[in-house]
Amino acid sequence: MSVDRYPWLINSIKTYEDSNFPSSVIIEGESGLAKSQLAMFFAQKLLCIDKSSPCGVCNSCNYFVANSHPDFCFLDSDSCSSALYSFMPPKSKKTDIVSKKIDGIRALNDFISMTHSVSDRRVSIIFKAHFMTTQAQNGLLKTLEELPENKHIFIISDSRKYFLPTIYSRSTLISINSPDSEDLDQWIQDQGYIDFS
């Protein structure tokens with residue numbers, strides 16, 4: 001997972017170079033700033049056998065790259081990882097296991113409470129969490145209050161200060177700021193686009 005392409009993420013990556021990582025992290029910023037890629041990088045790093053960085057060659061990294069890691073799951077606003085289907089609450093449908101609904105959060109809570117199997121941690125990511133209802137946020141809050149050290153939840157939001165204050169108080173905030181126009185123009189040129197500003 002290459003985050004080197006996004007120079008505005010460098011400070012966030014350097015801040016968490018060691019393996020001492022908070023249990024709950026909110027990553028906020030405007031849409032299009034590679035917040036999801038940052039969360040995936042951190043998730044692979046936490047699950048990797050080599051704690052210093054994702055090695056890309058261990059069994060854990062291979063599972064992660066193949067989207068089949070038994071200690072990782074994600075929720076999005078319209079989908080989820082297949083690992084969460086086995087934690088579906090009774091009478092819910094697969095379309096209910098999404099980040100904006102309470103059933104999705106309940107499935108994630110059940111997943112994160114299980115014992116890890118391949119890695120020595122469990123990691124979950126909630127993409128587009130700014131669509132979460134208040135009920136879903138309250139469901140997540142109970143898990144955040146009791147989250148052990150070897151369990152990690154990343155909450156990705158395109159909106160700033162969207163969540164309940166109690167979620168912020170139990171999470172570490174990574175705020176991704178938009179790069180200035182000169183840095184952005186240089187980045188666009190580095191991606192191979194010409195005559196675009």
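Can you list which of the GluC sites (Glu not before Pro) found in the range 88-191 are DSSP loop residues with at most 13 other C-beta atoms within 10 Å?
Passing both the DSSP loop test and the Cβ count: Glu146, Glu149.
With the Cα gyration tensor of the range 93-197 in hand, give its eigenvalues times 5 under a square root as the equivalent ellipsoid semi-axes, listed largest first in whole angstrom.
Each semi-axis is the square root of five times an eigenvalue, giving 32, 17, 15 Å.
When the Cα centres of the range 79-143 and the range 1-43 are compared, how far apart do they sit, in Å?
Using only Cα atoms to place each centre, the spacing works out to 21 Å.
Within the range 1-101, which trypsin sites (Lys or Arg not before Pro) sit in a loop by DSSP and count at most 11 neighbouring Cβ atoms inside 10 Å?
Within the range 1-101, the qualifying trypsin sites (Lys or Arg not before Pro) (loop, at most 11 other Cβ atoms within 10 Å) are Arg5, Lys91, Lys93.
Dividing the Cα radius of gyration by the Kirkwood radius, what Rg/Rh value follows for the chain?
Across the chain, the Cα-based Rg/Rh ratio is 0.98.
Hull surface divided by four, with the convex hull built on the Cα atoms of the range 110-158: how many nm²?
Taking the Cα atoms of the range 110-158, their convex hull projects to 3.7 nm² on average.
Could you list, bin by bin from short to long, the percent of Cα-Cα pairs of the range 1-63 in 5 Å steps?
3, 17, 29, 26, 18, 6, 1
Quick one: angle between helix 181-190 and the longest Cα principal axis of the chain, in degrees between 0 and 90, rounded to 10, please.
90
So, in nm, how far is label Leu173 from label Lys51 when the simple model puts each one 7 Å beyond its Cα toward the Cβ?
Between Leu173 and Lys51, the simple spin-label model gives 2.9 nm.
Helix 134-145 sits at what angle to the longest principal axis of the chain, using alpha carbons and giving 0 to 90 degrees rounded to 10?
The answer is roughly 90 degrees.
Go ahead and set up a Gaussian network model of the chain, Cα springs under 10 Å, then flag whichever of Ser36, Ser171, Ser92 fluctuates most.
Ser92
So between Lys93 and Glu17, what do we pick up on full extension, going 0.36 nm a residue minus the alpha carbon distance?
23.4 nm
For the modelled label position 7 Å from the Cα of Tyr193 along Cα-to-Cβ, which residues of the range 150-180 have backbone nitrogen atoms closer than 17 Å?
Correct set: 178-180.
Output ³J(HN,Hα) for the range 119-126: one whole-Hz value per residue in order, computed from phi by the Karplus curve 6.51 cos²θ - 1.76 cosθ + 1.60 with θ = phi - 60°, and x for Gly and Pro.
Whole-Hz 3J(HN,Hα) from phi for the range 119-126: 9, 9, 9, 10, 9, 10, 10, 10.
Residue by residue through the range 76-93, which ³J(HN,Hα) values in whole Hz follow from phi under the Karplus form 6.51 cos²θ - 1.76 cosθ + 1.60 (θ = phi - 60°), with glycine and proline marked x?
10, 6, 9, 7, 7, 6, 4, 4, 7, 5, 6, 10, 5, x, x, 6, 9, 9
Going 7 Å from the Cα of His116 toward and past its Cβ, which residues in the range 21-45 have a backbone nitrogen under 15 Å from where you end up?
Answer for the range 21-45: 21-24, 42-45.
Nothing charged except the Cβ atoms of Lys and Arg (+1) and of Asp and Glu (-1): what's the magnitude of the dipole of the chain about its Cα centre? Round to the nearest 20 debye.
With only Lys, Arg, Asp and Glu charged at Cβ, the dipole is about 960 debye.
With a 1.4 Å probe and all protein chains left in place, how much of the accessible area of the range 43-197 comes from carbon and sulfur atoms, in whole percent?
The nonpolar share, carbon plus sulfur, comes to 51 percent.
What's the extension gain from Asp180 to Glu149 if we count 0.36 nm per residue and subtract their Cα-Cα distance?
7.5 nm
Loop-only GluC sites (Glu not before Pro) in the range 1-61, please: DSSP not H, G, I, E or B, and at most 11 other Cβ atoms within 10 Å.
Taking the range 1-61 and a limit of 11 other Cβ atoms within 10 Å, the loop GluC sites (Glu not before Pro) found are Glu17.
The values are calculated or read from the model by the stated rules, or taken from the named source; none is laboratory data. Model, not experiment: these values are computed from the prediction. Note that each Cβ is placed from the backbone with ideal geometry, even for glycine, and that neighbours are counted across all protein chains shown. Please note that ligands, DNA and RNA were not included when accessible areas were found on the heavy atoms of the full protein model with its side chains. Shrake-Rupley method; radii C 1.70, N 1.55, O 1.52, S 1.80 Å.
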